[in-house]
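Visitor: After the structure tokens below, expect a handful of questions from me.
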Amino acid sequence: MDMDSIVSLCKRRGFLFQSSEIYGGLQGFWDYGPLGVELKRNVKEAWWRDMVSCHDDMNTLDGAPSPYAMEGLDCTIIMHPQVWKCSGHYDLFHDFMVDCKETKKRYRHDQLNGRWVEAKDKKIFVTAPAGDDELEVMTKRALKFYNLRNKNIDDLKWDGDSTCLTEIEDLSVVLGPDAKQLGTLTEPREFNLMFKTFVGALSGEEGAAYLRPETAQGIFVNFKNVLDSTRHRLPLGIAQIGKSFRNEITPRNFTFRSREFEQMEIEFFCHPDKSRDWYQFWRDRRLKWYHDLGISGDNLIMREHTPEEAAHYSTGTADIEYAFPFMAEGEYGELEGIAHRGNFDLRSHMEGKLDENSDTLEVQLGEDGKPKWKGSGKDLSYRDDLTNEKYIPHVIEPSAGADRAALAFLCEAYTEDEQPDDKGKMQTRTVMKLHPRLAPIKAAVFPLVKKDGMPEVAKDVYLKLKKDFKVFYDEKGAVGRRYRRQDEAGTPYCITVDGQTLDDQTVTIRDRDTLEQVRVKIDEVSSIVKERVEG
């Protein structure tokens, strides 16, 4: 599977476009085209239907089966600045970056790799952005720095394997990724990833606000509102799908790392004594969801975070990771995180800023002696109306990226095989084997030829199907080429009106993956397609 081929198909067939492309584009931002917007909408609808509106799992952790509730929210992108101060994002949500004084470019400190190399009695650390071809890039840059030709490549004496720049203390011997001289990289410094904006007419700090870097906090600050308005008992899941924004220093790998993205998140509130069991429950449930929608088990793994990489709020986190084509052999990229957040968030919004080095909440004082990051003061605890027990719920958070999920489904679906064309000649067929629930177009309707009343019948079939599905009508060109276009779009079923249709009111349904064609009555087409899509 080649990533360049997938990117080319996404542009050619209208899945994804570079944002502001006619002006040269804007790095880290992407627009979804006609097929892409349908695919992403289907991903989100499948998630919402399976996790929220139609969930049918029973809570058996307390013994006898009993249902648990799931509700939804849609919170604002801009929230009170104090939300981000008490959540820890204001202080902790940052990456370290280095600037190149020669090229004026900026890099994430932990995304630059390098190797020690020596030639002409001079040893340097040559760097390149992390990626599949980083060693090739390092070699070319080392040859250029030492003014050597390819035929002198053996003059380069490499010392050790590729190492992250974070391991290098002396930057004076480092050759930056695009620099010609040594020592052009600055010392790493913090870079807050939140987008800053201003609310109202005031442009000073008194009007400062931030675009949300995650959707979770809107759920936490509304926990009590949802509980009071629905009168649910715990355990209770609250879900939200929405845009988030992170000012990534180096967005890369197509839509995998973007500055504007959409999240599908659940905050599942439960009793502290049952939280470890619920953590395991949601790990298993979310992994199964990707499998059920067509992700191969060989391309999907569950990886538990090490203590060093866990978030400041986490008491346990696992990532569902996918083998994206742009990853190195044997490596995976994060698709979704399932975090055991404990009661960090509710406590922080109740009482104030959490000290990251302890398990207790502390109120930091400003220069005026007043609390610096003061909590809301609201009681966000839960009292069980049956046992009268009062506690601050623990939270399990399955957090999926809608954009990354759509990208993973696209990568998994991309297939090439050999099939005969209209003249019987074997040609390479590109087909997107998307699960029917996710496919942008569920069915395409063709008249075999543009005469003998076939277009009229085909249009009537198209209009009937359109009431239930996203359907495409096409009467241009040879039917084989029309099939190929729909294969690239991921359309699972093609319905063809031919000469026999006019005699017995039957049409053929062609399966995208098996290429099997069966004849069915026109009146049965809608129910058959619906059964296959939802089955």
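Rule-based calculations on the coordinates, nothing more; no lab input. From a predicted model like this one, the values you see are computed outputs, not experimental measurements. Counting neighbours? That spans all protein chains shown, and the Cβs are built from the backbone with ideal geometry, glycine included.
Visitor: Please tell me the relative contact order of segment 441-534 in percent, rounded to the nearest whole number, where contacts are Cα pairs under 8 Å and at least six residues apart.
Guide: Relative contact order for segment 441-534 comes out at 30 percent.
Visitor: Got the relative contact order for segment 96-191 handy, in percent, Cα pairs under 8 Å and 6 or more residues apart?
Guide: 39 percent
Visitor: Under a point spin-label approximation (7 Å from Cα along Cα-to-Cβ), what is the Asp452-Ala478 distance to one decimal in nm?
Guide: Simple spin-label model gives 1.8 nm for this pair.
Visitor: Would you kindly derive the ³J(HN,Hα) couplings of segment 102-113 from the backbone phi angles with the Karplus curve 6.51 cos²θ - 1.76 cosθ + 1.60 (θ = phi - 60°), listing them in order in whole Hz, with x for Gly and Pro?
Guide: Each residue's phi maps through the Karplus curve to give 7, 9, 6, 8, 10, 9, 6, 4, 8, 10, 10, 10 Hz.
Visitor: Could you give each residue of segment 150-164 its phi-based ³J(HN,Hα) in whole Hz, using Karplus coefficients 6.51, -1.76, 1.60 with θ = phi - 60°, and x for Gly or Pro?
Guide: The phi angles translate into 4, 5, 9, 4, 5, 6, 7, 9, 7, 10, x, 8, 4, 10, 5 Hz.
Visitor: Kindly give Rg over Rh for the chain, based on alpha-carbon atoms, with the Kirkwood expression for the hydrodynamic radius.
Guide: 1.03
Visitor: Then there's this: Which trypsin sites (Lys or Arg not before Pro) in segment 421-506 pass both tests, a DSSP loop state and at most 11 other beta-carbon atoms within 10 Å?
Guide: For trypsin sites (Lys or Arg not before Pro) across segment 421-506 that sit outside H, G, I, E and B with at most 11 neighbouring Cβ atoms in 10 Å, the list reads Lys423, Lys425, Lys450, Lys451, Lys467, Lys476.
Visitor: Right, another one. How do Leu234, Leu410 line up, fewest other C-beta atoms within 10 Å first?
Guide: The most exposed by this proxy come first: Leu234, Leu410.
Visitor: Apply the Karplus curve 6.51 cos²θ - 1.76 cosθ + 1.60, θ = phi - 60°, to the phi angles in segment 244-258 and return the couplings in whole Hz, x for Gly and Pro.
Guide: Whole-Hz 3J(HN,Hα) from phi for segment 244-258: 9, 9, 9, 7, 4, 5, 10, x, 6, 6, 6, 8, 4, 10, 10.
Visitor: Same structure again: Where both partners of a DSSP beta bridge lie in the chain, what percent of those bridges are antiparallel, to the nearest 5?
Guide: 85 percent
Visitor: Additional query: Can you tell me what the convex hull of the Cα atoms of segment 167-222 projects to on average, as an area in nm²?
Guide: Taking the Cα atoms of segment 167-222, their convex hull projects to 7.5 nm² on average.
Visitor: Next question, about the same structure. I need Lys85, Lys180 ordered by Cβ neighbour count within 10 Å, fewest first.
Guide: With the fewest neighbours first, Lys85, Lys180 line up as Lys180, Lys85.
Visitor: What Kirkwood Rh does segment 96-191 have if only Cα atoms enter the pairwise 1/r average? Answer in Å.
Guide: By the Kirkwood definition, the hydrodynamic radius is 13.3 Å.
Visitor: Using a simple spin-label model with points 7 Å from Cα along the Cα→Cβ vector, what separation in nm is obtained for Asn152 and Phe29?
Guide: Inter-label distance under the simple model: 4.7 nm.
Visitor: In debye, nearest 20: dipole of the chain around its Cα centre with unit charges on the Cβ of K, R (+) and D, E (-)?
Guide: In total the dipole reaches around 1760 debye.
Visitor: Counting other beta carbons within 10 Å of each Cβ, put Ser87, Ser399 in order, fewest first.
Guide: Going from sparsest to densest Cβ surroundings: Ser399, Ser87.
Visitor: Among the listed pairs Lys120/Lys144; Lys243/Lys530; Lys85/Lys378; Lys40/Lys476, which are separated by more than 19 Å between their Cα atoms?
Guide: Lys243/Lys530; Lys40/Lys476
Visitor: Between Rg and the Kirkwood Rh of segment 206-252, both from Cα atoms, what is the Rg to Rh ratio?
Guide: 1.13
Visitor: Divide, for segment 441-534, the radius of gyration over alpha carbons by 2.2 N^0.38 Å, where N is the residue count.
Guide: 0.96
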